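> Quick one: the structure is below, and I'll ask about it shortly.
Since every read-out is calculated from the coordinates, none of them should be taken as a lab result. From a predicted model like this one, the values you see are computed outputs, not experimental measurements. Cβ: placed from backbone, ideal geometry, glycine included. Neighbour counts: every protein chain shown.
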Amino acid sequence: MNFFRISILLTTLLVTFSCIRKKHADTIIHNAKVYTMDNKNNIEDAIAIKDGKIIAVGSEREILNKYHADEFINAKLKQVYPGFIDAHGHIMSYARQKLGVNLVECKSYDEMLIKIKEYQEKNNYNFIIGFGWNQSNWDNDEMPSNSRLNELFPDIPVCLFRIDGHALLANEYLIKKSNLIKEINTNPDLTSGGYLVYDSLKNFTGVMVDNAMNPILNVMPEFPEKELSEAIISIQSELISYGITGVHEAGLKFSEVNLFEKLIEEDKLKINIYAMLLPTKKNIEFARENGIYENKNLLIRSFKVFADGALGSRGACLKKSYNDKHGHNGYLITPLKRIKEIINLCKNIGYQMNTHAIGDSTNKLILKMYEDIYKINPDHRWRIEHAQIIDPKDIKLFGKSGAFPSVQPSHATSDQKWVESRLGENRIEGSYAYNSLLKEYGMIAIGTDFPVELTDPFLTIHSAINRKNKENFPINGFQANESITLEQCLRGMTTWSSYAAFQENKIGTIEVGKDATIAIFNSPVSANKRYSPNYAYMTFIQGEKVHAY
């Protein structure tokens, strides 16, 4: 009997001391394939998390023997990666698109009008804002005219944005309300860096491109803050369902920064936001006063500058004229003098400059300007957003200037149907040249440019590796020699994107000391020849489980 009691006592003591010896973690994820994305590309079995940080990464036996936890998650051999980062997105634009009429899937102007009518019958708003039309995908790829729009909606303002946000179609009611024609007649410079579109009979169609949109934008109503906030939280749910835990928000107004901060303080906005400020008066005052600014999951230390327009609306600035619009080369949206002023501002306050540059002329111009910064600070990390059309002989300038390429692979596969008509066959070589850019600079930051493209990171992976769209077209891939590997693409969405935002010590890899911002994926992340959907099984941001499949 005594022996039996002693045995029980010894067993109890062993269990007790075993538990005491183990370190405490909040969460342990085990039985996993943990792709750390560290410098050695280590693949481990388990992760221990405490207070929002990764405290251990290692083998199953090592972690389970060393730690006990409040929650154990059996990953069932699913793949675990650092949370994906979309290096170029537009949450605010997407929020407005969700509240307005979505025209992305429309295959014709007729279909667009039907959708707008249905939207208004359902909502009965006192203004209509639509997003996403793309005449390049219509049978008739001419820019639309507002004549039928005027018949349908003579008494309320209607503003319909092209998919790239660089052109809009307005009805006559809104045009008159904005005094557009009067303002342009008074000050012709208003259309510098943009243009009005006229039909073959020289009648104004109601389409404005780039800076010519400004009089309309100045009178556009805003959606209520409550509705915008709800849309933002809905977008967050979509992003984390894909394992996206951070967005580089590419161009914010001061009021939009305030809205993000409000949602963060209310503990509603949890994803990491790397904000690029638009160079408005209020934003410049904010940057000068605050310098590099961080508030929980919001980091502000950059300005976004639109150097030129978009290729689809023929605003991208090219060295030679457009193949389908002779005598027209595009233009700079921001005057050269102003670009230089913003460069000096960023240099003086320690901000990063992220320049939208699509045309080959614009890319060369900005790269040459960045060279001077590189001489002062080789680690400036100033970015070229899009880097879309580049003269092949200018690609070397990325290395010489230290310009960080920030690219969106799904643009290549969306644009491939019509890009040759814009550029001609001979200029295709330097377009969407992600492999060449990677070889020259050594890194690329990868995003989607949502809502211009879908938020789906697995479509991004498919586009980057196979150079095909969601329908797996073209069969042999578009500019297939510019494809990148799966590892390179994943680094572009994790380690390199975090580096492009000066956050490499916080996120981007699964390593001890970094935020426990990770995703467990439902299916293997792979380089399939055909697009296949995938989602996050679970998503964590700073140790908090924010999504479960």
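> What is the sum of charges, Lys and Arg at +1 and Asp and Glu at -1, for the other residues whose Cβ falls under 12 Å from the Cβ of residue 503?
Computed value for this residue: +1.
> Suppose the chain between residue 111 and residue 59 were pulled fully straight at 0.36 nm per residue; how much longer would it get relative to their current alpha carbon spacing?
Residue separation times 0.36 nm, minus the Cα-Cα distance, leaves 13.1 nm.
> Could you check what % of the DSSP bridge pairs in the chain are antiparallel, to the nearest 5?
Expressed as a percentage, antiparallel bridges in the chain total about 45.
> What is the local net charge at residue 223, summed over the other residues whose Cβ is closer than 13 Å to its Cβ (Lys, Arg +1; Asp, Glu -1)?
Charge balance in the 13 Å sphere: -2.
> Right, here's the next one. Per DSSP H run of at least 4 residues, take -39500 (n - 2.57); add these up for the chain, divide by its residues and hand me the 222 nm value, nearest 500 deg cm²/dmol.
-10500 deg cm²/dmol
> Just in region 14-97: which trypsin sites (Lys or Arg not before Pro) are loop by DSSP and have at most 15 other Cβ atoms within 10 Å?
Here the trypsin sites (Lys or Arg not before Pro) that fit, given the DSSP loop and packing criteria, are 22, 40, 76.
> Now, a different point. Which residue, 106, 378, 490, has the largest displacement toward the positive end of the dipole of the chain when charges sit on each Cβ (Lys, Arg +1; Asp, Glu -1)?
Towards the positive end, the residue furthest out is 378.
> Each residue of region 274-290 in order: what ³J(HN,Hα) in whole Hz does its phi give by Karplus 6.51 cos²θ - 1.76 cosθ + 1.60, θ = phi - 60°, with x for Gly and Pro?
Computed from phi, the couplings for region 274-290 are 9, 8, 9, 7, 6, x, 7, 4, 5, 5, 5, 4, 4, 5, 5, 6, 9 Hz.
> Determine, from the Cβ-Cβ distance of residue 155 and residue 502 and an R0 of 45 Å, the FRET efficiency 1/(1 + (r/R0)^6), rounded to the nearest 0.05.
Computed FRET efficiency for residue 155 and residue 502 comes out at 0.35.
> Just to confirm a number: summing +1 for Lys and Arg and -1 for Asp and Glu over residues other than residue 468 whose beta-carbon lies under 15 angstrom from that of residue 468, what do you get?
Once all neighbours under 15 Å are counted, the net charge is 0.
> For the pairs 76/470; 107/176; 78/545; 304/364; 282/368, note any where the Cα-Cα span goes beyond 21 Å.
With Cα atoms farther than 21 Å apart: 76/470; 107/176; 282/368.
> Taking R0 as 30 Å, what FRET efficiency do you get between residue 481 and residue 41 from their Cβ-Cβ distance, rounded to the nearest 0.05?
So, using R0 = 30 Å, E works out to roughly 0.75.
> Count the DSSP beta bridges whose two residues both fall in region 101-217, then state the antiparallel fraction as a percent rounded to the nearest 5.
Looking only at bridges with both residues in region 101-217, the antiparallel portion is about 60 percent.
> For region 301-460, give me the percentage of DSSP beta bridges that are antiparallel, rounded to the nearest 5 percent.
Around 20 percent of the beta bridges assigned by DSSP in region 301-460 are antiparallel ones.
> Here is a follow-up. Please report 358, 181 as a ranked list, fewest other C-beta atoms within 10 angstrom at the top and most at the bottom.
181, 358
> If you don't mind, another one. Mind listing the long-range amide H neighbours of residue 472? Cut-off is under 5 Å, sequence gap 5 or more, other chains count too, H placed in the peptide plane at 1.01 Å from N.
Amide H to amide H, under 5 Å and 5 or more residues apart or across chains, residue 472 pairs with 531.
> Now for a separate question. Counting other C-beta atoms within 10 Å, which of 36, 186 has the fewest, and how do the rest follow?
The order, fewest Cβ neighbours first, is 186, 36.
> Which whole-angstrom value gives the distance between the alpha carbon centres of region 430-501 and region 244-296?
Centre-to-centre (Cα) distance: 26 Å.
> Kirkwood hydrodynamic radius for region 172-236: how many Å is it when counted over pairs of different Cα atoms?
13.6 Å
> Could you give me D for region 224-376, from Stokes-Einstein at 10 °C and 1.306 mPa s, where the hydrodynamic radius is the Kirkwood radius over C-alpha pairs? Units µm² s⁻¹, please.
92 µm²/s
> Whole-Å semi-axes of the chain's equivalent ellipsoid, largest first, each the root of 5 times a Cα gyration tensor eigenvalue?
Taking √(5λ) for each eigenvalue gives 46, 26, 23 Å, largest first.
> Follow-up. Between residue 429 and residue 372, what FRET efficiency follows from the Cβ-Cβ distance if R0 is 30 Å, with the result rounded to 0.05?
0.60
> Shifting gears a bit: Between residue 288 and residue 238, how many nm apart are label points set 7 Å from Cα along the C-beta direction?
Going by the 7 Å Cα→Cβ label model, 3.8 nm.
> Could you compute how fast region 397-549 diffuses translationally, taking Rh as the Kirkwood radius over C-alpha pairs and applying Stokes-Einstein at 4 °C with viscosity 1.567 mPa s? Give it in µm² per second.
79 µm²/s
> Mind sorting 317, 489 by how few other Cβ atoms lie within 10 Å of their own Cβ, fewest first?
317, 489
> Could you rank the peptides 480-487, 380-387 by their average count of other C-beta atoms within 10 Å per residue, with the highest value first?
380-387, 480-487
> Here's a follow-up. Going by the alpha-carbon gyration tensor, a ≥ b ≥ c the square roots of its eigenvalues, is region 77-117 rounded (a/c under 1.5) or, if a/c is not under 1.5, prolate (a/b greater than b/c) versus oblate?
prolate
> Against the 2.2 N^0.38 Å scaling, with N counting residues, where does region 101-217 land? I'd like the Cα-based Rg ratio to two decimal places.
So region 101-217 has a normalised radius of gyration of 1.01.
> Sticking with the crude label model, points 7 Å out along Cα→Cβ, report the distance from residue 439 to residue 23 in nm, one decimal please.
4.4 nm
> Please state the charge dipole magnitude for the chain, taken about the Cα centre, from unit charges on C-beta atoms (+1 on K and R, -1 on D and E), reported in debye and rounded to the nearest 20.
1180 debye
> Would you calculate the separation in nanometres between label points at residue 320 and residue 122, each defined as 7 Å from the Cα along the Cα-to-beta-carbon direction?
4.7 nm
> What are the trypsin sites (Lys or Arg not before Pro) within region 400-438 that DSSP puts in a loop, where the Cβ has at most 16 other Cβ atoms within 10 Å?
Those satisfying the criteria are 417.
> Using per-residue counts of other Cβ atoms within 10 Å, averaged over each peptide, order 212-223, 280-291 from highest down.
212-223, 280-291
> Order of 229-238, 339-348, 523-532 by packing, highest average Cβ count within 10 Å first?
With the highest mean Cβ count within 10 Å placed first, the list reads 229-238, 339-348, 523-532.
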